[in-house]
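Structure, as structure tokens:
The values are calculated or read from the model by the stated rules, or taken from the named source; none is laboratory data. Note that this is a predicted model, so its numbers are computed, not measured. Cβ coordinates were reconstructed from backbone atoms using ideal geometry, including for glycine residues, and neighbour counts include every protein chain displayed. The area values use the complete protein model at the heavy-atom level, side chains included, leaving out ligands, DNA and RNA. Shrake-Rupley method; radii C 1.70, N 1.55, O 1.52, S 1.80 Å.
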Amino acid sequence: MQAAQMRQILYAGIVGDAFGVPVEFNERDTYRVTTMTGQGTWEQPRGSWSDDTSLTLALMDNLTTDGTYADLFERFQAFMMWGAYTPRDETFDIGKTCAHAIRNRFINQLAPTACGDPSEFANGNGALMRLAPLALVLSDEADITTRLQLTRDYTAMTHRHPRAILGSYLYLECLHAMLSGVPLRTALATVPAQVQAVAEPEVIAEWAHYAPYLTPTISELSRNQIRSTGYVVDTFGAALWCTAKAQTIQEAILLAANLGGDTDTVATIAATWAAVRYPTQTVPTSWQAALVNPARLAAYIEPFVTKFGH
Ligand SMILES: [Mg+2]
């Protein structure tokens, strides 16, 4: 795919993250955001991006340098311990399942793909939120089995329950179809059966959790049917609903950031998805210009799009 489109998709996700950071954990309809703000939940300046973006940058760095899975864990550790990939060399948030996986790697010395928590109660969105670069790298990969295997591995490093893995499969396979020009509604009508045909039995056993969202008419669900917590199923459904309802990337971000709950991650994913859906659009220039430490973002984004884009 084109480098310019890759760059646009990646920046959209980061803008979504920064947009959602100040209102993360707020209860729905107790606030309203209409433009990029700062302070709030984490008392960070306007334009600050969070762990969603940091772990995405770490994955980009790993993919750009053809790093191993062990190498990716070194980068995750650098983020958690020393503030690598953050706006100001300071880690202000990290999910507990990701932190647990990093400790599993460096304290318990587990193999990278065995570090994720396999518990049903560790089904947060911490893998889903960082996987967009993998979808971009796999956009030219024709074999679905290869795509799912890599998606499984990169998810299982932190989230090893089949429900989290299914969420990653559905998200990345929808992106894959849409990156090849398939409209969102068509993707929602065709991708589920394609995943179901090749996914592992224990992953397919989780299907019912996602089924309410896997319909071309998802945008007809009412807002109060959409939950926007950090539970991977809720985040997937909420981000998809925002993407399906929105006519612009900007609208997808606004819908997501105003849902309450895990606003930064829902907005990251919704913005990414919307940027794939609307390849000729860009996020508002003033929002992208508000991102802090643009040099650090570019230091990982530019080598990535140079290597994988054309
Ligand atoms: Mg975050």
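Considering only alpha-carbon pairs that sit under 8 angstrom and 6 or more positions apart, the relative contact order computed for the chain is 30 percent.
Just the accessible area per residue of the chain, please: how many Å² with a 1.4 Å probe?
Details: 11690 Å² over 310 residues.
With the other protein chains kept in place, the chain gives 38 Å² per residue.
Counting only protein heavy atoms and a 1.4 Å probe, tell me what percentage of the chain's accessible area is made up of carbon and sulfur. The partial results should precede the final answer.
Working: 6190 of 11690 Å².
Here it works out to 53 percent.
Tell me which GluC sites (Glu not before Pro) from region 1-98 have a DSSP coil assignment and no more than 16 other beta carbons within 10 Å of their own. The partial results should precede the final answer.
Numbers: sites: E24, E27, E43, E74, E90; in loops: E24, E27, E43, E90.
Within region 1-98, the qualifying GluC sites (Glu not before Pro) (loop, at most 16 other Cβ atoms within 10 Å) are E27, E43, E90.
Of the chymotrypsin sites (Phe, Trp or Tyr not before Pro) found in region 2-65, those in coil by DSSP whose Cβ has at most 16 other Cβ atoms within 10 Å are F25, Y31. Here r is the Cβ-Cβ distance between E120 and T285 and R0 is 45 Å; the resulting FRET efficiency, rounded to 0.05, is 0.55.
Note on region 247-310 and region 133-167: Cα centroid distance 21 Å, given to the nearest whole angstrom. Among the DSSP helices (H) of the chain, none spans at least 30 angstrom by Cα along its long axis with an average Kyte-Doolittle hydropathy of -0.5 or more; this is a geometric and hydropathy rule only. Taking label positions 7 Å along the Cα-Cβ direction at both D140 and E251, the computed distance is 3.4 nm, reported to one decimal. Here the label points at D89 and S222, each 7 Å from Cα along the C-beta direction, are separated by 5.2 nm in the simple model. For region 3-308, what does the alpha-carbon gyration tensor say about shape, rounded, prolate or oblate, given a ≥ b ≥ c as the root eigenvalues, a/c under 1.5 as rounded, and a/b over b/c as prolate? Rounded, because the longest to shortest axis ratio a/c is under 1.5.
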